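Trainee: Let me give you the structure first, and then I'll get to my questions.
The values are calculated or read from the model by the stated rules, or taken from the named source; none is laboratory data. As the structure is a prediction and not an experimental result, all values here were calculated from the model. Note that each Cβ is placed from the backbone with ideal geometry, even for glycine, and that neighbours are counted across all protein chains shown. Remember, those area values only see protein heavy atoms, side chains included, never the ligands or the DNA or RNA. Shrake-Rupley method; radii C 1.70, N 1.55, O 1.52, S 1.80 Å.
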Amino acid sequence: MENLYLAIPLAPLVGSVIAGFFGAQIGRRGAHTVTILGVAVSFVLSLVVLYQHLYQHAPAVNATLYNWMIVGGIQFQVGFLIDNLTVMMMTVVSFVSLMVHIYTIGYMSDDLENWPKDSLAGVNSYQRFFSYIALFTFSMLMLVMSNNFMQLFFGWEAVGLVSYLLIGFWAVRPSAVYANLKAFIVNRVGDFGFMLGIAAVVMYAGSLNYADVFAKAHLMSTETMSLFPGHNWNVVSVICVLLFVGAMGKSAQIPLHVWLPDSMEGPTPISALIHAATMVTAGIFMVARMSPLYELSESALSLVMVTGALTALLMGLVGIVQNDIKRVIAYSTLSQLGYMTVALGASAYSAAVFHLMTHAFFKALLFLAAGSVIIAMHHEQDMRKMGGLKKYLPITYWTSLIGSLALIGFPGFSGFFSKDTIIDVVHHSTTGGHGFAYLCVLSAVFITAFYTFRLFFLVFHGEPRMDAHTKAHLHEPPWVVWLPLIMLAIPSVFIGGFTIGDVLFGNYFGSAIYISPHHEALAELGKHFHGAWAFMQEGFVGPAFYLAMFGVFSAWFIYMKRPEIAGVIKQKFALIDTLLVKKYYVDELYAWLFGGGSRLLGKGLWTFGDVRFIDGLLVNGSAQLVAWFALVTRRLQTGFLYHYAFAMIIGLLMLFGLGLFR
Amino acid sequence: MTAEIITMGSLNIVTAMPEIFLLIMACLVLLVDLYLPAEKRQLTYLLAQLSLIITLVLMLMNPVTHTTLAFNEFYIHDPLSQVLKSFILIISFGVFVYSRDYLAQRNIFKGEFYVLGLFAIAGMMLMVSANNMLMLYLGLELLSLCLYALVAYNRDNAKASEAAMKYFILGAIASGMLLYGMSIIYGLTGSLKFTDIATAVATGTNSAQHIGLVFGLVFIVVAIGFKLGAVPFHMWIPDVYHGAPTVVTVFIGSAPKLAGFAMFMRLLVEGLGGLQADWQQMVIVLSVLSMAVGNIVAIAQANLKRMLAYSTISHIGFLLLGIIATTPDGYAAAMFYTISYALMALGGFGMIILMARKGFEAENIADFAGLNQRSPWFAFIMSILMLSMAGVPPTLGFWAKVAVISAVIDVNMVWLAILAVIFSIVGVFYYIRIIKVMYFDEATENTPIECGRDMQLTLSTNGLAILALGLYPAALMALCVSVFK
């Protein structure tokens, strides 16, 4: 059994190593074959494990495979915790990854055109890309399968590393290098909090193992720690907030969201796999995994909820003014991550993970569809130069429509079930800030629908706005590209209605997620749940549906029916428009405050600390002092005998003084 | 040193056999040399070396299982004397090897050098084995008089004569002070024997007597400071090291430091151990001043012999650190330092002798420029020597510094250790400068280095020994520690 579990992350790793180190030998075909094989093995085995848990009701497995080291009584281990939460993540990750792998064959086939002709950096880039995404799959699986904080952190950092490598995959583009550095640095900020959180866990629980830590959670919730003299904080609250800071970095929540839009500099398959479906949801997964801790801290839950609500609303608004097709979807991802975070804050961990799953499918679908458009448009990403693509790209068109409907939560589609649940849960929640959060997520429904269909209409409907050359070459991409679209469209439609009963209101998660008796918003909702069909019918009469429909209508009216209105609105609300285009000036603020501040600090330390103090005073100063002293003392050596004898007498007298008057 | 003392008869000549043999050989060499024609002078050299070897063998055949006294308890044979005398003989052997070519090139390859050298060695051995103030004084004077003459050995050289004159006069003053101090101690304790003095000091003195003892102690400390070359009694060292022929400098700079260390141990630790609290203060002052002045003034020197002279002064400061600790480990550390330093000084001045030839003394730092191009091997050996003097691992000098510094830390004189480290950092500058000059500066001349094979071999061994002992310092350290068990 453990060998089976072990094979799931290791298969992609083997593929990655072969494709990475022997890329030149095995060629393109070899590289994609071996990595797809590895991921396919993971996916099939994940399905096996899913089957065991779902239909044979296999118990949760908590097994330690390898003892890395024991330091000061703390065990550093590699181990797996396989329960229903893990199984769901494993299946989703390996499935989306498999689809993206297949898709990549088509997307990266002409990658050599992306590199300068004389650049050696482009050599074997195709194989390298496959190696990276397989490595990502390995890291992500290690992260979700972990049974301890050490391995969690390993996976956390490893996916971060691969994300960094892939955002900057086209390393000859300055914008890509800028974006990957930004992602890396912003994630460092989050990881710093995350590490502090783990350190606090080790300090107070004395173990890295989840089970041990959760067993001590109640004990820890009675302890306080004094971060600043005179202020005592509840230990569990501190741990939860610190861990959430890590989640804020990884899952791009305000104020650490700035890296995700820029990460679109990476190739589109990456945007789909890492920056939409899986890696960015690691923070959500982590918080859900830590539910026994979060349930003990009201203040942490409030923070989580408010952060998520702000992200859901504010980032959605920015999505409205974007013109780059991928950036619109990126902001939509930020907004949807906000939804998940809100659900976490409302103690509806299963709703968050449920939305995570449906979102993984439809958002990957949307990204891959956008990639398909980008291929057809010869790497043109500006929506203002598209339009009327419906007749050229029928498969892409229909799958995009499915993805869009799922995203806006049209009743019946996967996204509807997860998103509507979240909205209802927040409505019933008692967590501090739930009123504000409800307002945010509800208005975000309108905004989501608006920007999603703005994109949809601008790209697929209306008059074609591309140049003649591009237009002449428009055609549906090869099967490796459209097959994953269809494969992802299926769960985007059905998975929600199919699983909602078990996952949200059944006992799917069992002991994997703990919800305190005081936080029963979801259970409250469950009392009124009478099957997916009934839930769907209710959806048609809820406020969310009308808001979404109004959003779609507005998008159609403004961008299709009366395109001139867009310009008018832009002028009337120039202030707000600028604010949104500038993304609330957060980038500028960070660049000024942290970038400028640390440069100022660095310059100050360099000028005063290094040049003046260390180099000037300590190093050169002492050297000059010694040299001066040497020259002076040297003069004492006059060469005259009586001076020498005199020195001896002085020495004699000095010793007398010491001996007699000490 | 509380070993069991056995006296077998009042004379016990056998115990002092090495010294007796050496003195006889010195007289013999003097006589033989008189009747040798100039071209057979090699025989004198060989005889001198042979007598050193046989003396060493004789001494090692006389193992130390217990302390033995001889000549009415004037003479002592104990582990301390055994180890120090062995190294004195080994180092003197090296000095004689280095001297042969140097003297021959300058037409001063005469028997006197070796005769005076042998007498000086005998003087050192007597100092080391003294169990009585008179014996110690006798040995010291025998050594000093020979050294005065050796400094002026190249009598046509004005600088050498001037140096000899200064050394002689200052030495006479120091000698006088020593005698004065000894007589005060004798007057107050009624004995010249170290053990009796120690007993007298320990069995109660009133405050008036104590002041008297301290009075005498100060004179003795001055004399020891002079002999070792501690600041402010160091003034003779730069001038004498500089003025004397390099072969004499290497002799003065190496073996007599071991004798000086013995003088310190016999007089202050064995004899006046009861006044430890008094002399510890004085030695701290001498040590700090020596480290400071030695290291700092060395930086300003362009002459390598003078630089090494100041380096000697700083090393004396360091070895005094071990004694300041006044623990068995501290004494062992000081002894380890002294032996290490004597080996390093032998090599350092040996390099100057190697580079020198007739009419060119190679005593300026600039003369070592580009040595790496001329002789990579000896540039490497010189690097080892300089790194060792600077105290850089993995050389012997590193362990020596570690030993003395940890000795003072063990007795909670951390401030002293910090000072020592600071001065040792200052010192690194001028040692590393030599290495920089050798490897990075352009050679001013390109004549190949020519000298005898014995010299090359000995100098290489000298340098490599410092590296090897640095890699495996345990044996030498264990030897030093065993002396003070």
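Trainee: Out of A:Phe361, A:Phe354, which single residue is in contact (Cβ under 8 Å) with a residue 24 or more places away in the chain and open to solvent by less than 10 Å² (accessible area, probe 1.4 Å)?
Mentor: One residue alone meets the criteria, A:Phe354.
Trainee: So is A:Gly73 of a type outside the set (S, T, N, Q) and open to solvent by less than 10 Å² (accessible area, probe 1.4 Å) or not?
Mentor: The answer is no for A:Gly73.
Trainee: Now for a different question. Name the single residue that is farthest from A:His275 (Cα to Cα) among those in the range A:135-176 being more than 17 Å from the chain's Cα centre (by Cα) and open to solvent by 10 Å² or more (accessible area, probe 1.4 Å).
Mentor: Within the range A:135-176, the match that is farthest from A:His275 (Cα to Cα) is A:Met150.
Trainee: For a quick check of your reading of the model, give me the residue pairs whose first member lies in the range A:504-520 and is closer than 19 Å to A:Leu301 by Cα, whose second is of a type in the set (A, V, I, L, M, F, W, C), with beta-carbon atoms closer than 6 Å and at least 6 apart or on different chains.
Mentor: Note: pairs meeting the criteria are A:Ala512/A:Leu85.
Trainee: Identify all residues within the range B:86-103 that are of a type in the set (S, T, N, Q) and surrounded by fewer than 22 Cβ atoms within 10 Å (Cβ to Cβ); write none if there are none.
Mentor: B:Ser86
Trainee: So A:Ser622 clears everything in (1) within 11 Å of another protein chain (Cβ to nearest Cβ); (2) loosely packed, with under 12 Cβ neighbours inside 10 Å; (3) small (Gly, Ala, Ser) except one condition, right? Which one?
Mentor: The failed condition is (2).
Trainee: Do you know which residues across the range B:354-377 are touching a residue at least 40 places away in the same chain (Cβ under 8 Å), part of a helix (DSSP H, G or I) and open to solvent by 10 Å² or more (accessible area, probe 1.4 Å)?
Mentor: Listed by number, the residues that qualify are B:Ile365, B:Ala366, B:Asp367, B:Asn372, B:Gln373, B:Arg374, B:Trp377.
Trainee: Looking for something among the hydrophobic types (A, V, I, L, M, F, W, C), open to solvent by 10 Å² or more (accessible area, probe 1.4 Å) and on the phi < 0 side of the Ramachandran plot - is there at least one such residue anywhere in the range B:219-228?
Mentor: yes
Trainee: Same structure, new question: Those residues that are open to solvent by 20 Å² or more (accessible area, probe 1.4 Å) and under 23 Å from the mean Cα position of the chain (by Cα), I need them from the range B:26-63; list them, please.
Mentor: Within the range B:26-63, B:Leu50, B:Ile53, B:Ile54, B:Leu56, B:Val57, B:Leu58, B:Leu60 meet the criteria.
Trainee: Could you tell me which residue of the range B:205-256 is farthest from the chain's Cα centre (by Cα), considering only residues that are of a type in the set (Phe, Trp, Tyr) and facing chain A (nearest Cβ under 10 Å)?
Mentor: B:Phe215
Trainee: Something else now. State all residues of the range A:643-659 that are open to solvent by 70 Å² or more (accessible area, probe 1.4 Å) and facing chain B (nearest Cβ under 7 Å); if no residue qualifies, say none.
Mentor: A:Ile650
Trainee: Go through (1) free of Cβ contacts under 8 Å to residues at least 40 places away in the same chain; (2) within 25 Å of A:Val78 (Cβ to Cβ); (3) polar (S, T, N, Q) one by one and return the number of the condition A:Thr222 breaks.
Mentor: It is condition (2) that A:Thr222 fails.
Trainee: Further question on the same structure: Residue pairs, Cβ under 8 Å, 6 or more apart or interchain, first in the range B:160-174 and farther than 14 Å from B:Tyr241 by Cα, second part of a helix (DSSP H, G or I) and of a type in the set (D, E, K, R). List them.
Mentor: Note: pairs meeting the criteria are B:Ala174/B:Lys227.
Trainee: Scan the range B:322-352 for residues that are of a type in the set (Val, Ile, Thr) and open to solvent by 10 Å² or more (accessible area, probe 1.4 Å) and jot them down.
Mentor: B:Thr326, B:Thr327
Trainee: With respect to the numbered conditions (1) part of a helix (DSSP H, G or I); (2) under 20 Å from A:Val426 (Cβ atoms); (3) open to solvent by less than 10 Å² (accessible area, probe 1.4 Å), which one is the sole condition not fulfilled by A:Val280?
Mentor: (2)
Trainee: Checking the structure you have, find out if any residue of the range A:609-617 is at pLDDT 85 or above and within 10 Å of another protein chain (Cβ to nearest Cβ).
Mentor: Scanning the range A:609-617 turns up no residue that is at pLDDT 85 or above and within 10 Å of another protein chain (Cβ to nearest Cβ).
Trainee: On to the next question. Of a type in the set (Gly, Ala, Ser), farther than 19 Å from A:Ser299 by Cβ, part of a helix (DSSP H, G or I) and touching an Asp or Glu at 6+ places or on another chain (Cβ under 8 Å) - does that describe any residue in the range A:184-204?
Mentor: Within the range A:184-204, not a single residue is of a type in the set (Gly, Ala, Ser), farther than 19 Å from A:Ser299 by Cβ, part of a helix (DSSP H, G or I) and touching an Asp or Glu at 6+ places or on another chain (Cβ under 8 Å).
Trainee: Which residue out of A:Ala58, A:Ala63 is among the aliphatic types (A, V, I, L, M), in contact (Cβ under 8 Å) with a residue 24 or more places away in the chain and either under 23 Å from A:Met88 (Cα atoms) or in a helix (DSSP H, G or I) (or both)?
Mentor: After applying the criteria, what remains is A:Ala63.
Trainee: Any idea how many residues of the range B:106-150 are part of a helix (DSSP H, G or I) and open to solvent by 20 Å² or more (accessible area, probe 1.4 Å)?
Mentor: Qualifying residue count for the region: 13.
Trainee: Residue check: is A:Leu600 more than 30 Å from A:Gly497 (Cβ to Cβ) and free of Cβ contacts under 8 Å to residues at least 60 places away in the same chain?
Mentor: Answer is yes for this residue.
Trainee: Just checking, does the range A:629-636 include any residue being more than 35 Å from the chain's Cα centre (by Cα), away from chain B (no Cβ under 14 Å) and of a type in the set (Val, Ile, Thr)?
Mentor: The answer is no, given that none of the residues of the range A:629-636 is more than 35 Å from the chain's Cα centre (by Cα), away from chain B (no Cβ under 14 Å) and of a type in the set (Val, Ile, Thr).
Trainee: Something else now. Between A:Gly371, A:Gly387, which is at pLDDT below 95 and part of a helix (DSSP H, G or I)?
Mentor: A:Gly371
Trainee: Report, ordered by the first and then the second residue, all pairs with beta carbons closer than 7 Å, sequence separation of six or more or different chains, a first member in the range A:625-642 that is more than 14 Å from B:Ala292 (Cβ to Cβ), and a second member that is open to solvent by 50 Å² or more (accessible area, probe 1.4 Å).
Mentor: A:Leu641/B:Ile169
Trainee: Does the range B:429-452 hold any residues that are open to solvent by 40 Å² or more (accessible area, probe 1.4 Å), within 14 Å of chain A (Cβ to nearest Cβ) and of a type outside the set (A, V, I, L, M), and which are they?
Mentor: Of everything in the range B:429-452, those that are open to solvent by 40 Å² or more (accessible area, probe 1.4 Å), within 14 Å of chain A (Cβ to nearest Cβ) and of a type outside the set (A, V, I, L, M) turn out to be B:Phe429, B:Arg433.
Trainee: I would also like to ask the following. Test of understanding: among B:Ala309, B:Ala302, which residue is in contact (Cβ under 8 Å) with a residue 24 or more places away in the chain, within 14 Å of another protein chain (Cβ to nearest Cβ) and more than 23 Å from the chain's Cα centre (by Cα)?
Mentor: B:Ala302
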